[in-house]
Amino acid sequence: MIIKANPIRVKYLLLVGRFLSWLFSWRFNKMKLNEVDVLKNHSYILMCNHFSFWDGFWAGYICLKSIYRQEPNLKGFYIMVLEKQLAQHKWLTRLGCFSVAPGTVTVSESLDYAAELLNTPGNIFLMFPQGNLESNHVRNIVIKPGIAEIVKRINGDCQLLWSSNLIEYFESLKPSVYFHLLNCGTNHEFNLELLTANINHHHRASIKKQFRFTEEN
């Protein structure tokens with residue numbers, strides 16, 4: 001049996017988000033968000049590249065500054081976490097975390113639970129589809145097939161969003177964070193190969209935007 005989420009109310013999550021905004025204003029030089037249109041009355045899968053300790057916090061920042069700003073009727077924020085980690089830190093269930101145990105019979109239960117959450121408009125599910133930590137400088141993002149297993153189980157309307165999160169220092173002692181969002185369509189027209197191709201095209205274009213003077217051959 002999986003460990004299910006027991007999240008705190010959205011209004012408290014929003015307070016956490018605002019605290020993070022204050023923390024980021026102190027910790028980072030600037031945070032630039034390149035937005036896309038968010039569909040109304042949908043649930044949302046937010047996918048990001050996975051390269052740092054800050055990734056989950058940055059995803060929360062994206063939810064607050066982009067998704068919530070355009071669709072204020074949000075209900076919950078959820079993350080799939082390895083069962084052995086969640087068993088050691090049960091308090092994470094209060095932040096929307098639920099368990100998955102790869103290689104066990106409960107994997108299907110975790111996927112069904114994720115899809116059940118996404119059947120409800122206003123719920124957000126965070127994924128790092130690479131499955132591993134990799135540098136934000138990689139040019140090719142490998143999307144693991146787990147996303148397809150979740151999407152095919154969703155019965156409602158769900159929008160898929162990707163964000164290429166990149167950091168630069170340039171002239172500052174503090175890093176700046178750039179969030180390059182991409183609208184990946186909905187669950188109704190989902191295609192894993194097309195999703196992977198679109199994300200990689202977008203990711204390489206996002207990296208190129210970061211360069212000030214250098215043109216690569």
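Since every read-out is calculated from the coordinates, none of them should be taken as a lab result. Predicted model, so just to flag it, every value in this text is computed and none were measured. Here Cβ is always computed from backbone atoms with ideal geometry, including for glycine, and neighbour counts include all displayed protein chains.
Give, as a single signed number, the net charge of other residues whose beta carbon lies under 12 Å from the beta carbon of Lys11, with Lys and Arg counted +1 and Asp and Glu -1.
Surrounding charge for Lys11 is +3.
Going highest first, how would you order 68-76, 194-202 by mean Cβ packing within 10 Å?
194-202, 68-76
Run the helix sum for the chain: -39,500 (n - 2.57) per DSSP H stretch of 4+ residues, divided by residue count, reported at 222 nm to the nearest 500 deg cm²/dmol.
Result for the chain, helices only: -10000 deg cm²/dmol.
Do you know the relative contact order of the chain, to the nearest whole percent, from alpha carbon pairs under 8 angstrom that are 6+ apart?
29
When a/c is below 1.5 the answer is rounded, else prolate if a/b is larger than b/c, else oblate, so apply that to segment 10-210 with a ≥ b ≥ c taken from the square roots of the Cα gyration tensor eigenvalues.
Rounded, since a/c falls under 1.5.
Would you give the gap between the C-alpha center of segment 119-166 and the C-alpha center of segment 22-69, rounded to a whole Å?
14
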